[in-house]
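Enquirer: First, the structure itself, so that you have it in front of you.
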Amino acid sequence: MPERDLQYLAGLAAQLRVDSVRAAAAAGSGHPTSSMSAADLMAVLFACHLRYDFDRPDNPANDHLIFSKGHASPLLYSLYKAAGAITDEELLTFRKRDSRLEGHPTPRLPWVDVATGSLGQGLPVGVGVAMAARLERLPYRVWVLCGDSELAEGSIWEAAEHAGSEGLANLTVIVDVNRLGQRGPTRHGWDTGAYARRFGAFGWHTIEIDGHDPGQIDFAFTDASNTRRRPTVILAKTRKGEGVLEVENREGAHGKALKDPDKAVAELGGVRDVRVEVHAPDTGADTAAEPFRFDAGELEPPVWPVGEQVATRAAYGEALAALGAARGDVVALDGEVADSTKTETFAEAFPERFFEMYIAEQQLVAAAIGLQVRGWKPYAATFAAFLTRAHDFIRMAGVSGSSIRLVGSHAGVAIGEDGPSQMGLEDLAMLRTVHGSTVLYPCDANQTAALLAEMADLDGVSYLRTTRGATPVIYQPGERFPVGGSRVLRHSPGDRATIVAAGVTVHEALAAADDLREAGIPVGVIDLYSIKPVDTAALIEAATTTGNLITVEDHRIEGGLGDAVTDAVSELGPRVIKLAVTGLPGSATPQEQLADAGIDRHAIADAVKRLL
């Protein structure tokens, strides 16, 4: 590399360090030392290798840069300033109220794909974005900046194995091996060979470099771009706090603004105004094309006659295949249980749009997040119980405003003999707490098909809960079930209470209502298929007219349907009795499980009688 270029890159890196120090000083907090270690890496990337149009962040040919080490946000924002995307004035609003420059990056900035900062997530999401490039038949690259500390996360190695086995050559991970974590040295320190052996075992091309040598960095990026049939990891040995004696390679400086920022800025050569002209994407025939999309047609949902016994998980599989035929942007992912979730129906119909993610639920959800970055409509399915492993990814999807669709099958004690390790009993609570989420729980096949189609255009994280066993079809084909709605299935002017249920317990509630009617006790029944948002108006009307609500759910008593109902009517002060799973189930038949949990037809009827 010519000396002039080396001098320019050194000056740009110095400015990135200076601006990282200044931003953190203005905020009085932040992670300048973690930003300073990676400044040379990012200077070379922006000046020489990244292809991105900052005026058109939606340009389909743009590369993607994901800061998995999101705490290095001062570096990212300093890069945006150098590229002319933000001003110096905005840079100094870092971490201030109402600023776009939050402590960790979020898509409030148009150049940020996903929120990062919960470590170990950027690489798995990057895998999803790289997967999308194959669908779209575009040559953009995905660059992920990781810290060495986060390589202790299991999600990193789920991503490494998937990317290696899929040969995602458009994916390059840059690991800032600065040796120091939050409280002290990392597990492997500066032993880049230890990391190289691990990535190499998963089929990656590995490059070990001095992360402060622009020539080596440039060579590594060029090598990565020319590598075929496998992803590349660049393991860059760096020094935390590089360039400032007070903090360089010293413990105890993590996550703090520098004590004497003016001295540090002077030591780094002072404030400057170096600009970087980031190359726009190539305008050749390949890169100018719009992303490839599959053909679409009319939606012809499957239908089932009233009275037929159908598992809602089976209805999900058929409905998803019908949706895939109608919409070319729908893709499906599964965690190696497609024969149980019934995603296999979609896989057989549209193999190019089906992704087997194996038993790696964090990567399953992360890949869905990455795919939606590029405008796809992902449906990701596994057992409801196993989604709990990926809760942090789901939570961060909510922070990102990512539109993903999750499907949890085998929910509740109704799965029967498999026992508690397989029972999703916490999923409704988990998904209800996610920012901007939608939680749906159908009770029959036709309702499942209708709700699945509704999910396609929902923003944010949406969740559909399905049941293992067959349940009777009670709704006519073609009925609509808007999100936020409910269905009143039993009602009379003399109702003395209202039973509120969803999913499998709807059928138990209807049976209990029939038994109670024969005993001279009329009760109403509401199918609350939308658990978030709930149909507050219907619940208030029921609470007002009957004064008594009984909720029944195949879920833990904490955080599920019962709490959703209580929250909706709490100001009215009606009596709310919550029937839910409170003990630890064992192995038994589905009907025995419902009885043992106190949520079957007899338990519901007994609860109404005790109440009255």
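Enquirer: For THR471, enumerate residues with amide H under 5 Å from its amide H, sequence gap 5+ or separate chain, H modeled in the peptide plane.
Expert: VAL310, ALA311, THR312
Enquirer: What aspartates and glutamates does LYS81 reach when the alpha-carbon gap must be under 13 Å and sequence neighbours fewer than 8 apart in one chain are set aside?
Expert: Leaving aside aspartates and glutamates fewer than 8 places away in the same chain, those within reach of LYS81 are ASP19, GLU89, GLU90, ASP273, GLU277.
Enquirer: Suppose every Lys and Arg Cβ carries +1 and every Asp and Glu Cβ carries -1, with no other charges. What dipole size does the stretch 487-611 come out with about its Cα centre, to the nearest 20 debye?
Expert: 260 debye
Enquirer: Tell me, SER35, SER403, SER29 in order of fewest to most beta-carbon neighbours within 10 Å?
Expert: SER29, SER403, SER35
Enquirer: Still on this structure, I have one more. Can you list residues from other chains, or at least 5 along the same chain, whose modelled amide H is less than 5 Å from the amide H of ALA381?
Expert: Residues meeting the criterion, in which the H sits 1.01 Å from N, are LEU333, ASP334, GLY335, VAL407.
Enquirer: In debye, nearest 20, what is the charge dipole magnitude of the chain about its Cα centre with +1 on Lys and Arg Cβ and -1 on Asp and Glu Cβ, if you could check?
Expert: In total the dipole reaches around 1120 debye.
Enquirer: Tell me the mean residue ellipticity at 222 nm calculated for the chain from its helices only (DSSP H runs of n ≥ 4, each -39500 (n - 2.57), averaged over every residue, nearest 500). Write out the running numbers ahead of the final one.
Expert: Details: 23 runs with 231 residues, N = 612.
The per-residue figure over the chain is -11000 deg cm²/dmol.
Enquirer: Another question, if that's okay. For HIS71, HIS491, what ranking results if the residue with the fewest other Cβ atoms within 10 Å of its Cβ goes first?
Expert: Details: HIS71 23, HIS491 16.
Lowest count first: HIS491, HIS71.
Enquirer: Here's a follow-up. In sequence order, what are the phi-derived ³J(HN,Hα) couplings for the stretch 34-39 according to the Karplus relation 6.51 cos²θ - 1.76 cosθ + 1.60 with θ = phi - 60°, rounded to whole Hz, with x for glycine and proline?
Expert: Values per residue, Gly and Pro as x: 6, 6, 5, 5, 9, 5 Hz.
Enquirer: Can you grab the distance from the C-alpha centre of the stretch 331-359 to the C-alpha centre of the stretch 412-459, Å, no decimals?
Expert: The stretch 331-359 and the stretch 412-459 have Cα centres separated by 18 Å.
Enquirer: So how many Å³ per residue does the convex hull of the Cα atoms of the stretch 309-472 work out to?
Expert: Normalising the Cα hull of the stretch 309-472 by residue number yields 94 Å³.
Enquirer: Using each residue's phi in the stretch 521-536, evaluate 6.51 cos²θ - 1.76 cosθ + 1.60 at θ = phi - 60° and report the 3J(HN,Hα) Karplus result to the nearest Hz, with x for Gly and Pro.
Expert: 3J(HN,Hα) across the stretch 521-536, in whole Hz: 10, x, 9, x, 9, 10, 8, 8, 5, 9, 8, 8, x, 8, 7, 4.
Enquirer: Among the lysines, which have Cα under 22 Å from the Cα of LYS377 when same-chain residues fewer than 8 positions away are ignored?
Expert: Filter leaves LYS342, LYS532.
Enquirer: May I ask you to compute the full-extension gain from ALA296 to ALA470, defined as 0.36 nm times their residue separation minus their alpha-carbon distance, rounded to one decimal in nm?
Expert: Extra length available between ALA296 and ALA470 comes to 59.5 nm.
Enquirer: Ranked highest first by the average count of other Cβ atoms within 10 Å around their residues, in what order do 245-254, 432-441 fall?
Expert: Taking the mean over residues of other Cβ atoms within 10 Å, the ranking is 432-441, 245-254.
Enquirer: Can you list residues from other chains, or at least 5 along the same chain, whose modelled amide H is less than 5 Å from the amide H of TYR463?
Expert: LEU406, THR438, VAL439, LEU440
Enquirer: Pulled fully out, how much extra length does the chain show between LEU6 and LEU572, if you take 0.36 nm times their separation in residues and subtract their Cα-Cα distance?
Expert: Full extension of this stretch gives 196.7 nm more.
Every read-out reported here was derived from the displayed coordinates using simple, explicitly stated rules and does not represent laboratory data. Please read all numbers here as calculations on a predicted model, not as lab measurements. No Cβ is skipped: glycine too gets one built from the backbone with ideal geometry, and neighbour counts run over all protein chains shown.
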